[in-house]
Structure formats: C-alpha cells, structure tokens
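So the structure is just underneath, and the comments pick up after that.
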Amino acid sequence: MSRRIMDAAVSEMFGPDTKPSPRLLSLFQQVLEYNDGARVTHQVGRFINDRYDNRSRWVRAMRETAVPMRMIDGPIDPNSGLHMAERYLEVIHDPDVVLLDDNIGHWPQIEAPEAVLTHFLEHIDRITP
C-alpha cells in the first residue's frame with residue numbers, strides 16, 4: 001500500500017475537525033512498517049470474518065457478563081459509530097453508552113483524549129467500591 005493511499009485511508013477514519021497531522025500520519029506509517037507489518041496487513045482485515053463467525057458467542061458473553069461495561073463511541077466512525085451504539089443499546093441489558101461529540105470518528109482516544117479519559121474515569125469511579 002502506498003503512503004498516499006494509507007494516509008488517505010487513515011484520514012478518512014477521523015472526524016472532519018480532527019484530521020491527523022502529517023506527524024501523526026508518519027507515526028501510523030511507522031507502526032505499519034514495524035517488524036515488516038505492511039507485509040501482513042491483508043490478514044488484519046480477517047477480523048471481519050471473526051465478527052460474523054463469533055457474533056452469537058460474543059454478544060451472549062456481553063449480555064451475560066457481570067462485569068460492568070461502558071461503551072465510549074465516536075459517532076461518525078464508519079466502522080463502529082452511531083449505528084453500532086444504537087444496536088448496542090438494543091441488545092445489551094442496562095447499557096452504558098457515551099456518545100462523544102458529533103465530529104469524533106474511529107480513534108476517539110486520539111481525537112478527543114480528554115473526553116475519553118473523563119468518561120473512562122467516571123466509569124471506574126462508578127464501579128469501584
């Protein structure tokens with residue numbers, strides 16, 4: 001995959017107001033190239049098959065767990081944004097979902113780190129005796 005294509009693909013996953021800087025795109029490229037990782041990128045996409053193959057088991061585990069869960073979601077993430085949060089609300093008993101600002105995409109921990117940390121710590125405070 002060329003650097004230009006990779007930069008475009010990564011940038012597309014960010015919100016319109018939180019696009020990655022050239023420096024951040026370089027860091028993504030470094031991660032991709034580490035240990036010859038670019039050679040196996042085609043295998044990463046196989047997780048989509050895992051999602052379909054294991055859907056019932058994974059959903060059942062989330063529905064039956066006693067472990068408190070919180071979903072912190074970037075609503076315009078094309079992979080797991082608002083549409084996934086809405087489905088989670090339908091499927092999970094007593095769901096705890098935080099939707100971040102409307103312009104947050106696939107990497108909320110990069111796009112809105114303070115908000116993610118705030119909501120994470122609120123969750124920890126709520127579940128810690």
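The values are calculated or read from the model by the stated rules, or taken from the named source; none is laboratory data. Since this is a predicted model, take the numbers as computed values, not measurements. In this analysis, Cβ positions are derived from the backbone assuming ideal geometry, glycine residues included, and neighbour counts consider all displayed protein chains.
Some observations on this one:
- Among the candidates Arg46, Arg51, Arg70, Arg60, the residue that is basic (Lys, Arg) and more than 27 Å from Glu111 (Cα to Cα) is uniquely Arg60.
- Looking only at the stretch 84-106, and only at residues there that are of a type outside the set (D, E, K, R) and part of a helix (DSSP H, G or I), the one that is farthest from Met13 (Cα to Cα): Val91
- Tally of residues being surrounded by 12 or more Cβ atoms within 10 Å (Cβ to Cβ) and part of a helix (DSSP H, G or I) across the stretch 6-26: 7
- Residues of the stretch 11-57 that are at pLDDT below 95 and of a type in the set (A, V, I, L, M): Val31, Leu32, Ala38, Val40, Val44, Ile48.
- Identity of the residue in the stretch 42-75, within 26 Å of Glu12 (Cα to Cα) and in contact with a helix residue (DSSP H, G or I) (Cβ under 7 Å, 6 or more places away or on another chain), that ends up surrounded by the most Cβ atoms within 10 Å (Cβ to Cβ): Gly74
- In the set (1) out of contact with any helix residue (DSSP H, G or I) (no Cβ under 7 Å at 6 or more places or on another chain); (2) without any contact (Cβ under 8 Å) to a residue 40 or more places away in the chain; (3) aliphatic (A, V, I, L, M), Val98 fails one condition alone, (1).
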